[in-house]
1. Pop out the ³J(HN,Hα) list for region 78-86 in order, Karplus 6.51 cos²θ - 1.76 cosθ + 1.60 with θ = phi - 60°, rounded to Hz; leave Gly and Pro as x.
2. Determine the gain in length on full extension of the stretch D8-T120; use 0.36 nm per residue of separation and subtract their C-alpha separation, reporting nm with one decimal.
3. Can you tell me, using C-alpha contacts under 8 Å and at least 6 residues apart, the relative contact order of the chain as a whole percent?
4. Just S117, S145, S177 to compare: in a GNM of the chain, with alpha carbon springs under 10 Å, which one fluctuates most?
5. Let me check the size of the chain from its C-alpha atoms; what are the radius of gyration and Dmax in Å?
6. Counting only protein heavy atoms and using a 1.4 Å probe, what share of the accessible area of the chain belongs to carbon plus sulfur, as a whole percent?
7. Among Y36, G84, L57, pick out the residue whose Cα is farthest towards the positive end of the charge dipole of region 20-111, where Lys and Arg carry +1 and Asp and Glu carry -1 on C-beta, about the Cα centre.
8. Any number yet on Rg/Rh for region 75-197, C-alpha, Kirkwood?
Amino acid sequence: MTLAREADLLGMGQAQEWILLANAMDPSHLRNKVAYDLAAGAGMAYAPECQWVDLYLNGEYAGVYLLSERNEIHSQRVDLPAAGSFLVSRESSWRLISQNYPHITTDSGAALRIHDSAYTEADLYRLWQSAENAILAEDGRDPVSGKDWQELIDLDSWAMEYLMGELFGNVDAGTISAYFYRDGSDPSGKICAGPVWDYDLSMGSAGAWQLEY
């Protein structure tokens with residue numbers, strides 16, 4: 001939801017745009033809240049703050065909702081400098097195309113929605129493609145730039161993102177609503193994973209806790 005002006009809701013910082021989440025896929029209303037709180041407690045950067053609220057519409061009770069920060073570059077949220085930074089999320093390509101969201105697609109077919117970027121789409125594609133090339137290469141190096149994959153991505157944040165998905169049995173892990181960012185003030189220029197997002201289909205809510213092989 002978009003407010004007429006920025007406001008500090010429930011002590012979560014000044015912002016104009018907020019997520020009012022019905023948790024329609026999660027009857028317990030617990031999964032996103034627990035995941036976001038654990039991510040924050042584990043020290044994962046920019047984990048969204050959220051609070052349960054009782055929603056009333058025109059004086060009538062409408063149920064329990066989760067009021068949450070939105071993943072966006074903002075001084076009170078994903079606090080990144082304007083120069084050299086970006087925030088993207090991996091999504092289903094059909095969804096991005098059907099809803100006309102700005103995005104790039106890597107050579108492997110990974111579709112990345114552009115939420116905010118100081119780069120042109122072409123330059124952003126080159127940054128991502130270099131990391132993808134290195135990750136997929138047998139020797140771990142991008143054949144174009146010669147850089148090793150550990151020079152291109154922040155291993156700690158990617159490992160934490162992976163562990164969160166495994167711990168919660170998140171059905172969407174690695175494919176949908178997986179966020180990534182680059183901090184323009186970081187001289188390493190590495191791509192970081194996070195903030196966490198979208199854990200309603202986890203902990204058995206989609207009928208699969210952990211797949212059996």
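1. Working through the residues one at a time gives 7, 7, 10, x, 5, 7, x, 10, 7 Hz.
2. Separation in residues times 0.36 nm, less the Cα-Cα distance, equals 37.1 nm.
3. 21
4. Per the Cα network of the chain with a 10 Å cutoff, S145 tops the list.
5. Final numbers for Rg and Dmax: 18.1, 63 Å.
6. On the chain, the fraction of accessible area on carbon and sulfur atoms equals 53 percent.
7. The one lying farthest along the dipole's positive direction is G84.
8. 0.94
The values are calculated or read from the model by the stated rules, or taken from the named source; none is laboratory data. Given the structure is predicted, the values throughout are model-derived calculations rather than measurements. Cβ sites come from the backbone with ideal geometry, for glycine too, and all protein chains shown count toward neighbours. Side chains included, ligands, DNA and RNA excluded: accessible areas come from the protein's heavy atoms. Shrake-Rupley method; radii C 1.70, N 1.55, O 1.52, S 1.80 Å.
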